[in-house]
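Asks: Sharing a structure here in structure tokens format.
Nothing in this text is a laboratory measurement; each read-out follows from the coordinates by a stated rule. The shown structure was predicted, so the numbers you read here are calculated from the model rather than taken from an experiment. Ideal geometry is used to build each Cβ from the backbone, glycine not excepted, and the neighbour counts take in all protein chains shown.
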Amino acid sequence: MFRRRGFARPLRRAFAPDIPPALQRANELMATGDYNGAAVAFEGLARGAEGRGGPRAPHLYLQAGRARLLIGQIAAGMGHIRHGLALLAARQQWPVLHRTGQLTVAFLTERGLTQKAQEISDYLKATLPPLPVSDFGSQTAPGEKPRPVLPTTCPGCGGPIRADEVEWVDEVTAECPYCGSAVRGES
Ligand SMILES: [Zn+2]
């Protein structure tokens, strides 16, 4: 049974897509440190989503890539990460590519993979169109209320929720990048 963590009360969902049990399982494997199991699970989910042209495919490839990197399989991990970022670029999801790319650079740098981090940084510079910084989805515009605090995991699929990575639906609601559930924060 999947255990929800990080918050005490159930969060109301504005809409609840069907959550694939395989996705819940993959997130659970990742959260409990079974990175090999998580990598295999996310690879299957990512290929399935890509085959359907699903909007979650890039994020699923990125999770597969992170899992491979965490068990030291650098070439396989970087392959998934480049593919996930390229899918975002192909869909011209520039703000998401910008934010996800920056998080990926930070993830690689933290693990001492500075050359790989530089490769991704160079890729972003070469790929992202010159947009004003405000279009890259800064957390709050001047005069806007600060964003509420989000739960650390999605109440639907258990995936990790990062405030600087999610798409915000409205002032208090973000969308889970892995399953599309609405994730509501507390003001
Ligand atoms: Zn989710």
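Asks: Order these by the 10 Å Cβ neighbour count, fewest first: Glu43, Glu171, Glu50.
Replies: Taking fewest neighbouring Cβ atoms as first place, the list is Glu171, Glu50, Glu43.
Asks: Among 93-100, 175-182, how do they line up by average Cβ neighbours within 10 Å per residue, starting with the highest?
Replies: Highest mean packing first, the order is 175-182, 93-100.
Asks: Right, next: Nearest 0.05, what FRET efficiency do Val40 and Ile74 give at R0 = 22 Å with Cβ-Cβ as r?
Replies: After rounding, the FRET efficiency stands at 0.80.
Asks: Can you give the extra length, in nm with one decimal, that the chain gains between Arg111 and Lys125 once fully stretched, where that is 0.36 nm per residue apart less the Cα-Cα distance?
Replies: 2.9 nm
Asks: By how many nm would the segment from Gln92 to Asp164 lengthen if fully extended, with 0.36 nm per residue of separation less the alpha-carbon distance?
Replies: Net length gain for the segment: 24.1 nm.
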